[in-house]
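To start, the structure under review is shown below, and the notes come after it.
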Amino acid sequence: MGHAMDALDAGGSTGEPEGSRTGGPEGSTEGGERAVGPPRVRLFAAQVLRGQAQVTFLPNAVTGLLFSAALFAAGWEYGIYGLLGTAVGTATARLLGVDHERVSTGLEGFNACLTALCFAVFLGAEQVSTALLAAAGCVVVTVVTAAVVRLLGVWGLPSLTLPYCLLATAVTIAAPGFGRLWHTGQGLAALPLPASGTTAVEPAELARGFLAGFAQIFFMPQWYVGALLLLGLLVAGPRTAAVACLGNAVGVATAWGLGAPAARIADGTMGYNAVLVALALCGVFLPVRAATLTYALVGAAAATALGPAVAALFAPSGGHAFTWPFVLTTFVFLAGAKSFPRLTGSDAGD
């Protein structure tokens, strides 16, 4: 998501947690060239797994392997779409000659991973047309990523999941207009309605919703998928997992405090943007310190409040919020941080 290389391009800190450097888990400084087995295959496999992990800013192949296992736990088709989508995006970047460091750390795979999963979830994973569109989309999103990186680099901002959001929004809104792509009957366009349903959350629902908040980063509602994803974060580093948990908790608390329906909290849709914002603003693009943690948690609350606004904005066209709240909130908070020396680490007296 904007991630290790984007953090450097944006003038921030990579904030990589312990064990997440690109040469660590694979036993090679170049992703496996000197490891036992076919070097090219091992290298490409490591790049793909890092691409999976980069959905949460982590160039860690072990974390990516756990993330892939989580997707297979949700359904074998989602595991396949996630892996092959990441592979197509990574291979496209390699063929186009994208900077080796970006490819090696997985920065050219995560937007493709999310694009493929998005199409599988919203257009039907079992459809041949979905598989073909996902493959094409993973190629296109690589081009969109290059354009976004270049454009946002002018302002020192990372690309995050903006390439995926742009493509996913365009395709899901356009899909009902094509009979070979849309297989679910009527379109989803509808006027937004006020929140309804009980706001009382049972403890069991709260626990499931907390774990599902991690799973919803990959569109999955199952709590056990979220538990595997959290394990992947923990493997990358306890600090990373702690920040993600705090962000998730703030998202859930903000949603409950504002009166979100209990069902929205229980299915995890009120927590996933908060997780991503917290990770981005504390340890990836800003250094880890008490001030940035507070700043990140404020951002997590803001992204949670922004979620229904984005959903209402896209509802009349049949679109979805995706990770737009995370992208927009992070852009604003990163741009603002440049004016706050205590956040950027340039305040010598801190």
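Things to note:
- Rounded, prolate or oblate (a/c below 1.5 giving rounded, otherwise prolate when a/b exceeds b/c) for the stretch 223-312 by Cα gyration tensor: oblate
- Using C-alpha pairs below 8 Å separated by at least 6 residues, the relative contact order for the stretch 139-291 is 21 percent.
- Look at the alpha carbon pairs under 8 Å that are at least 6 residues apart: their mean separation over the length of the stretch 215-350 gives a relative contact order of 21 percent.
- Relative contact order of the stretch 37-147, pairs being alpha-carbon contacts under 8 Å that are 6 or more residues apart, as %: 27
- Computed from backbone phi with θ = phi - 60° and the Karplus coefficients 6.51, -1.76 and 1.60, the 3J(HN,Hα) list for the stretch 38-55 is x, x, 5, 5, 5, 4, 5, 4, 5, 5, 5, 5, 5, x, 4, 5, 5, 4 Hz; x is used for glycine and proline.
- Couplings for the stretch 310-316, taken from phi via the Karplus curve 6.51 cos²θ - 1.76 cosθ + 1.60 with θ = phi - 60°, read 5, 4, 5, 5, 8, 4, x Hz in order; Gly and Pro are left as x.
- Coordinate range of the alpha-carbon atoms in the chain per principal axis, descending: 57, 56, 39 Å.
- Mean shadow area of the stretch 149-298, taken as a quarter of the surface of its Cα convex hull (nm²): 11.8
- Equivalent-ellipsoid semi-axes for the stretch 265-313 (Cα gyration tensor, √(5λ), whole Å, largest first): 22, 10, 8.
- For R342, R239, the ranking by accessible surface with the largest value first comes to R342, R239, using a 1.4 Å probe.
The values are calculated or read from the model by the stated rules, or taken from the named source; none is laboratory data. Because the structure is predicted, anything quoted here is derived from the model rather than measured. Note: accessible area is taken over every heavy atom of the protein model, side chains too, but ligands, DNA and RNA are not part of it. Shrake-Rupley method; radii C 1.70, N 1.55, O 1.52, S 1.80 Å.
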